[in-house]
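Report on one structure; see the data block that follows.
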Amino acid sequence: MWGPLIEEVRPHGKTPPKELRRTISAIFWRHQNGAKWRAIPAGLGPWWLAAQLFIRWSKMGVWERLLDLAPRRGIALGMTFIDGTNIRAHHKAAGAEKGGRQRRARPA
């Protein structure tokens, strides 16, 4: 599905990128899972290769061209937003007494 679109928008240099399909799969996997680049499974190739290609193509506008071309070819794209906010509670929210004193266990 993505192969012909990527071939149409990617830059064509003197040497085609090796394992392009695998590298694109790694980029898609990373963005679908919200993981860090280093978390890409080894079966999808070196993480640094996927990160390098993604950054290079971002600077060249390849991803924007791909996202513009996909709907014109009848491919529906969806979006998901995940809030990854992590808020730590203050230590007093854990049941500590006012004044900084800790609760002591009652003798049995």
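The values are calculated or read from the model by the stated rules, or taken from the named source; none is laboratory data. All values reported here derive from a predicted model rather than from experimental measurement. Counting neighbours? That spans all protein chains shown, and the Cβs are built from the backbone with ideal geometry, glycine included.
From the residues in segment 65-78 that are basic (K, R) and touching a helix residue (DSSP H, G or I) at 6+ places or on another chain (Cβ under 8 Å), which one is modelled with the highest pLDDT?
That would be R65.
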Problem set entry | One residue from F28, F54, F81 being within 16 Å of the chain's Cα centre (by Cα) and either modelled with pLDDT under 85 or farther than 23 Å from E7 by Cβ (or both) | F81
Exercise. Does segment 61-68 contain any residue that is among the acidic types (D, E), closer than 18 Å to L5 by Cβ and within 17 Å of the chain's Cα centre (by Cα)?
Worked result: yes
